[in-house]
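So the structure is just underneath, and the comments pick up after that.
The values are calculated or read from the model by the stated rules, or taken from the named source; none is laboratory data. Everything numeric here is computed off the predicted structure, so don't read it as measured data. Ideal geometry is used to build each Cβ from the backbone, glycine not excepted, and the neighbour counts take in all protein chains shown. Ligands, DNA and RNA are stripped out before the accessible areas are found, and what is left, the full protein with its side chains, is counted by its heavy atoms. Shrake-Rupley method; radii C 1.70, N 1.55, O 1.52, S 1.80 Å.
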Amino acid sequence: MDAFTSLKAVAVPFDERNLDTNQLCPTRFNKIPVSDPDYQRILFNNQRFAEDGSEHSDFILNQTPYRNSGILVADENFGCGSSRESAVYALLAFGIRCVIAPSFGDIFFSNATKNGLLPVQLSADTCDALRQLLHDSPGREMAIDLEQQTVTGPDGSRHQFDLHATLKYRLLNGLDDVGVTRQYSQSILDFEREHHAAMPWLFTQSETAK
Amino acid sequence: MIELQESKSREHGFRLFGINDPQQGILHVVPPELGLTQPGSLMVGADSHTSTHGAFGALAFGIGASETRHVLTTQTLWQRRPGNFRIRIDGTLPFGCTAKDLILKVIAQIGAAGAVGYAIEYCGDTINRLSMEERMTVCNMSIEAGGRAGMIAPDQTVFDYLIGRQFSPEGALWDRAIEHWSSLTSDDEARFDKEAVVDASSVAPMVTWGTSPEHAAPITETTPDPADASTREQKADVEAALAYMDLAPGQPLDTIAVDHVFIGSCTNGRIEDLRAAAEVAKLGQARVTTWVVPGSQTVKQQAENEGLHRVFEDAGFQWRDPGCSLCTAINGDELAQGQRCASTSNRNFRGRQGKGSRTHLVSPSMAAAAAITGNLTDVRNLKGGA
C-alpha cells in the first residue's frame, strides 16, 4: 500500500451522520475490478450521476472547488454498514486520502488503514467547526501531518489527533500487514498446536466430515 | 467469479458450499444449520452481518477484503480489543412482537452509532427465553447499532440446537465441548464499559420510516416532525430522511402504501421466520409483488416439507431460490427508482434495494401483513388480539 506521511489538499464537508458504505459504493459495483479506469465514478454514484451518466450539478463533489478534494470532513459513524472494502477503493480512486470524523464504522476504519487511507478522529465539535469553515469558503485546503499527528484547518487552527502507534508506523511506512505478521509465524504455530489440543472438537469433526 | 472460487477452493482444499451444493445458502444461515458455528469459537466473515453467529456465544465479526486475505494467509488478524457493552433486556414480548421488533427498538434507543467501538453482550430474561433463530436475528443487527460483534452467553438452548448437527462434536468430545461451553458466561461481578437496559414489555411491532435503522418507531406512531428536533443536526437528519422516503412529517405509519414486499435475508430468512410469515399469508391475498426468499437450500427444503410454499403461493406470494436477493439488490433482484418496499432485511439505507429505492424494515409477520393489505399495517389487527 502507499505510505501516508503528510497531505495538503482541498477538503470537502459532508454533514450527514451515519454515512454508510452503500452510499460510497452501491452494491452493484462490488464486482468491478479496482483496475477499471472509471473506478472513481463508483464513489457516491447514485447521488453523483443520473441514469444517462451525466452529473447531478447540485451534488457537492460535482462542484468546481471540490472536484480535486483530497480530504473529506464528515460527521459521526462515517462508513457504517456493509464491510465492503470497495468503499475505501472508491474514495482513493477519487483522490480522497484522508477522512476526518468524530467516529467511524469499525470495519471501514480497519479497511481504510489497510489501504493507506488515513481515518482521523477529532471531536464532534471540532468536526462541526471545520465543516462550517469549509461551507463558508468552498475549496479551501487543509493539511495533515501524520508524523506530528496534526490537522491544520482552513483557518490555520491546529488539532492534535490520536492514532494507535502500530497503525501509525504501518501507514507511515506503507507496510503490508501480512509481511509484519509473518515475523510471528512460530508463535502462531505454537498457538495452533495448543488450541488443537485444548479444543479438539473444533478440528476432528470438520476433518472427518469432508 | 464463481468458476474461480470453485477452482481455488479445490486447489487449497477448502470445502465450498457452492452454487449447486444442496446445502448452499447465506453465510449467516448455513454454518449454524451445519453445526459449524460453535460457542467460544472465533469467526470472521467478509460480511458485516457475521455478528449473527454471536447468538451461539462465538466471537464473530465482519472484515474487509484485506483482512480476509490476511486471515487466509496467516490464520490471524490484528485487532484492538473493543469496549464491552452490555444490553440487558427483561420482560415479556407482547402479542404480535418478535425478535426483529426487539432489536429495532434497541437500535432506535441507542442509535446507529450507539455501539461503535464496542462488542455487545445481550443478556436478561427476555434474551434467555429466545429461540436460537430469534437470537440470531438480534445478534445479526448488532452492526446496525455500530457494534462489530454482538453475543449471547451459551446455554441449554444453544446446546439443544447444536446436538446431532453435521459438524457438531460427538460422543466424548461433545461432553468435553459442553463442559467448556458452559463456562463461557460473564462473571457476576464483570464490569462493562457501557450498559443499556431495554424493557421488552414496552415493545410494539416496529417499522422504519427513514434511511437509517435508528429511524424506527412503533407502527402505531407517526413519522417525526423536523420541527420537534432538539438540535440543528437532528432536524437536518429527519428532513433529509423524510425527503428521500417521500413522506410528510406527522404521517401515520400505517397509512404508508408499499409497492413491494421482501421476506428473507440473513436477518429473517430462517424457518421460524417463514412460518411466522405464512401464518399471516393465510389471512389474505397479496396486493403487491411479494417475494419470499429462504436463507438456504436447507430452509427451502424444510419449508416445502411443511407445505409453507403452498401457503405462500396460494396467497399470491412468489416462492424463490435461496440467497441475499433483494436485501442488497444483488444479481438483478432490485427495485425500480422510487419503489417502496416492506422488507425483513437489515438496512434501509438510501438505494440499498436499488437506485432510488425506499425501504421500510419490518418483521416477517409485519411484512406479510403489508403484502395482503398493500400498506404498512399493524399485524395485531389482522391476527385479532391486543
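Within segment B:1-30, being more than 14 Å from chain A (Cβ to nearest Cβ), without any contact (Cβ under 8 Å) to a residue 40 or more places away in the chain, in a loop (DSSP other than H, G, I, E, B) and surrounded by 10 or more Cβ atoms within 10 Å (Cβ to Cβ) holds for B:Gly18, B:Ile19. Checked against (1) under 17 Å from the mean Cα position of the chain (by Cα); (2) surrounded by fewer than 24 Cβ atoms within 10 Å (Cβ to Cβ), A:Cys127 passes all but a single condition, namely (2). Kindly indicate the residue of segment A:53-86 that is more than 20 Å from B:Gly354 (Cα to Cα) and of a type in the set (S, T, N, Q) and also nearest to the other protein chains (Cβ to nearest Cβ) among those meeting that condition. Out of the qualifying residues, it is A:Asn77.
Scan segment B:205-217 and give yes if some residue there is open to solvent by 30 Å² or more (accessible area, probe 1.4 Å), at pLDDT 95 or above and farther than 24 Å from A:Thr21 by Cα, otherwise no. No, segment B:205-217 contains no residue that is open to solvent by 30 Å² or more (accessible area, probe 1.4 Å), at pLDDT 95 or above and farther than 24 Å from A:Thr21 by Cα. When A:Ala50 is tested against (1) free of Cβ contacts under 8 Å to residues at least 40 places away in the same chain; (2) more than 25 Å from B:Ala112 (Cα to Cα); (3) more than 14 Å from chain B (Cβ to nearest Cβ), just one condition goes unmet, and that condition is (3). Looking for something basic (Lys, Arg), out of contact with any Gly (no Cβ under 8 Å at 6 or more places or on another chain), farther than 21 Å from B:Gly351 by Cα and in a loop (DSSP other than H, G, I, E, B) - is there at least one such residue anywhere in segment B:215-237? Looking through segment B:215-237, none of the residues is basic (Lys, Arg), out of contact with any Gly (no Cβ under 8 Å at 6 or more places or on another chain), farther than 21 Å from B:Gly351 by Cα and in a loop (DSSP other than H, G, I, E, B).
Scanning segment A:134-187 for residues that are farther than 20 Å from A:Asn115 by Cα, part of a loop (DSSP other than H, G, I, E, B) and open to solvent by 40 Å² or more (accessible area, probe 1.4 Å) turns up A:Pro138, A:Arg140, A:Gln148, A:Asp155, A:Gly156, A:Gln183, A:Tyr184.
Which numbered condition in (1) closer than 25 Å to B:Lys300 by Cα; (2) assigned to a loop (DSSP other than H, G, I, E, B); (3) touching a residue at least 40 places away in the same chain (Cβ under 8 Å); (4) touching a helix residue (DSSP H, G or I) at 6+ places or on another chain (Cβ under 7 Å) is the only one that B:Glu33 fails? The one condition B:Glu33 does not meet is (2).
Exactly one residue among A:Gly116, A:Gly105 is within 14 Å of chain B (Cβ to nearest Cβ), within 12 Å of the chain's Cα centre (by Cα), surrounded by fewer than 19 Cβ atoms within 10 Å (Cβ to Cβ) and at pLDDT 95 or above, and that residue is A:Gly116. Put simply, of B:Met136, B:Met151, B:Met132 the only residue that is in the same structural domain as B:Ala46 (by TED's automatic domain parsing), closer than 18 Å to B:Thr50 by Cβ, touching a strand residue (DSSP E or B) at 6+ places or on another chain (Cβ under 7 Å) and at pLDDT 95 or above is B:Met151. When the criteria are applied in full, B:Gly316 fails the requirement of being touching a residue at least 12 places away in the same chain (Cβ under 8 Å) and under 30 Å from A:Arg48 (Cα atoms). When each of B:Pro154, B:Pro213, B:Pro205 is tested for being under 30 Å from B:Cys324 (Cβ atoms) and touching a Cys at 6+ places or on another chain (Cβ under 7 Å), the lone residue that passes is B:Pro205. Restricting segment B:71-126 to residues that are among the charged types (D, E, K, R) and assigned to a helix (DSSP H, G or I), the residue that is most open to solvent (accessible area, probe 1.4 Å) is B:Asp125.
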